[in-house]
1. Which one is nearest to Glu114 (Cα to Cα), of the residues in the range 152-173 that are surrounded by 16 or more Cβ atoms within 10 Å (Cβ to Cβ) and touching an Asp or Glu at 6+ places or on another chain (Cβ under 8 Å)?
2. Are there any pairs with C-beta distances below 6 angstrom linking a residue in the range 218-233 that is in the same structural domain as Glu101 (by TED's automatic domain parsing) to a residue that is assigned to a loop (DSSP other than H, G, I, E, B), with the two at least 6 apart or on different chains, and if so which?
3. Being under 30 Å from Val211 (Cβ atoms), surrounded by fewer than 19 Cβ atoms within 10 Å (Cβ to Cβ) and without any contact (Cβ under 8 Å) to a residue 40 or more places away in the chain is true for just one of Gly93, Gly45, Gly38. Which residue is that?
4. Report the residue count in the range 185-206 for those that are in contact with a Ser or Thr (Cβ under 7 Å, 6 or more places away or on another chain) and surrounded by 15 or more Cβ atoms within 10 Å (Cβ to Cβ).
5. Please go through (1) at pLDDT 95 or above; (2) surrounded by fewer than 20 Cβ atoms within 10 Å (Cβ to Cβ) for Ala182 and return the number of the only condition it doesn't satisfy.
6. Can you name every residue in the range 83-109 that is farther than 30 Å from Leu14 by Cβ and within 17 Å of the chain's Cα centre (by Cα)?
7. Among Asp67, Asp58, Asp94, which is closer than 30 Å to Pro206 by Cβ and acidic (Asp, Glu)?
8. Take the residues in the range 129-151 that are small (Gly, Ala, Ser) and free of Cβ contacts under 8 Å to residues at least 40 places away in the same chain, then tell me which one is nearest to Val187 (Cα to Cα).
Amino acid sequence: MIDDSNLPRLQKVLALAGIGSRRACEILIAQGRVEVNGSVVEEQGMRVDPLTAVVRVDGQRVPTIPDMVVIAFNKPRGVVSTMSDENGRPCVGDYIADREERLFHVGRLDAETEGLLILTNDGNLGNRLAHPSHDVEKTYIATVTGKPAKDVFARLRTGVELDDGPAKAVSARLVQQLPDRAMVEIVLHEGRNRIVRRMMDSVGHPVLELVRTRIGPIHLGQQRPGVMRELHGAELRSLYTDVGL
């Protein structure tokens, strides 16, 4: 029989994960709203291993690993998506040089693209976010040349042929038309190198400016370039749930 007497009780694990006070977490357990490893918890005081237990509240995954960090970073234009750069260019690593955690960025944006990057020390989350099989949506706002016709967006949704294979948008639409350029929104599941720029080139509307505004349920909102914010609470739980953890 495994001795779990040194493991923390479930209500403490939930409280440390930001669900609420221990008493509030006990109420959630009593209401049958908490699952551990796929089973509804029916009694108080259950002991769990926060490193391995799969805990959910109201069906949403609760990250319980101690010292786990997930950060939403608005990468500025001109910053390369690496932790160091041998050519001395500004890089993502410059922005987290003073942090104690060993963080990595999930995927990348080319140097001239601004927008949302996820930084974390959770390898499992990183793998789920990066792999296209998990269908995590990524939203981009592109300023492009010319006046895209309706059939342009239909072609993007149907799929265009690139030099490394076909690429298809989940959705594509016009946001704003200006005299000599347009703002378009493109939603993708994949993140191949410079894929939005190449897709727009293929339909005759090269990208002038590009911003990634969303990854799964995480939005940039009013977050300014160069600003980082740690994800907590419902926002963090929604991200884990979205990738199927």
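The values are calculated or read from the model by the stated rules, or taken from the named source; none is laboratory data. Values in this document were obtained by computation on a predicted structure and should not be read as measured data. In this analysis, Cβ positions are derived from the backbone assuming ideal geometry, glycine residues included, and neighbour counts consider all displayed protein chains.
1. Ala172
2. Pairs found: Pro225/Pro76; Gly226/Pro76; His232/Gly18; Gly233/Gly18.
3. Gly93
4. 3
5. It is condition (2) that Ala182 fails.
6. Val92, Gly107, Arg108, Leu109
7. Going through Asp67, Asp58, Asp94 in turn, just one is closer than 30 Å to Pro206 by Cβ and acidic (Asp, Glu): Asp94.
8. Within the range 129-151, the match that is nearest to Val187 (Cα to Cα) is Ser133.
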